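The structure under discussion appears below in the form of structure tokens.
The values are calculated or read from the model by the stated rules, or taken from the named source; none is laboratory data. The model shown is predicted, which means the values in this text are computed figures rather than measured ones. Cβ sites come from the backbone with ideal geometry, for glycine too, and all protein chains shown count toward neighbours. Calculation scope for accessible area: heavy atoms of the full protein, side chains included, ligands and nucleic acids excluded. Shrake-Rupley method; radii C 1.70, N 1.55, O 1.52, S 1.80 Å.
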Amino acid sequence: MKIEHNAHDSAAMLDFDDSNHPSDDALRLLLDSVCRRIDLHQQSLKHILNQTESVVIHKQWVIELLHNIQSKITQLGALIPPAPPAKEPVMIASEPCNLIIDVMTMVVKMAMAMNLSQQAGGAETGHEYTDNQKAVFYQLPMSLYSIIKQFNFDGQTMPYAACPDCNYTHHEPGSTTPTYPK
């Protein structure tokens, strides 16, 4: 049976010892490849219509072999760490972020101003914020740029210019200033 031969080939791909053990990335690719081959073998077995006793027994034996290979795939897969997530670029426009930061700052200042007259002594002192409130204000970010600097984000940034009519973003490779195409 050709499926049996292919199943043995798939099993042989997983036979290695510590001396010829592939790297985690290579093993991950190998397991994925063998998994796909096993799925194809199982699909091929479904198309065997001959129901004679010898064929049915042999088919069950091949199915058991495929299940054993899947068990080995599961065992080997448990030994390798999960693949790191793919890094996708995050596109953040600074103007909307700065607006959100400004609104957040206003909300914090308004909340603190609710207790201003009680905490700072009312009209006699000129309604000033306390030293603790001022310390909070100085810690609030003023812009997206200040957040990036404060948290030491080292990501690569690429400026884009957004068309005001269609919102399409334009990027000129190698440029540090966003420009609209002419």
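Assorted remarks:
- Odd one out for V55 among (1) open to solvent by 70 Å² or more (accessible area, probe 1.4 Å); (2) assigned to a helix (DSSP H, G or I); (3) more than 30 Å from Y145 (Cα to Cα): (1)
- Verdict on M104 being assigned to a helix (DSSP H, G or I) and modelled with pLDDT of 65 or more: yes
- In the stretch 118-142, the residues that are under 19 Å from N98 (Cα atoms) and either at pLDDT below 75 or in contact with a Ser or Thr (Cβ under 7 Å, 6 or more places away or on another chain) (or both): L140
One line per residue, one yes/no per condition, for (1) among the hydroxyl-bearing types (S, T, Y); (2) touching a residue at least 24 places away in the same chain (Cβ under 8 Å); (3) within 30 Å of F153 (Cα to Cα):
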| position | (1), (2), (3) |
| --- | --- |
| N20 | no, no, no |
| S23 | yes, no, no |
| S33 | yes, no, no |
| Q42 | no, yes, no |
| V55 | no, no, no |
| S71 | yes, no, no |
| C97 | no, yes, yes |
| V103 | no, no, yes |
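- Of all residues in the stretch 23-51, those being part of a loop (DSSP other than H, G, I, E, B) and open to solvent by 40 Å² or more (accessible area, probe 1.4 Å) number 5.
- Residues located in the stretch 7-22, provided they are of a type outside the set (D, E, K, R) and assigned to a helix (DSSP H, G or I): A7, H8, S10, A11, A12, M13, S19, N20
- Residue within the stretch 155-175 that is in a helix (DSSP H, G or I) and either modelled with pLDDT under 70 or over 30 Å from I38 (Cβ atoms) (or both) present: no
- Filter pass, E64 being in a helix (DSSP H, G or I), open to solvent by 90 Å² or more (accessible area, probe 1.4 Å) and under 30 Å from A161 (Cβ atoms): no
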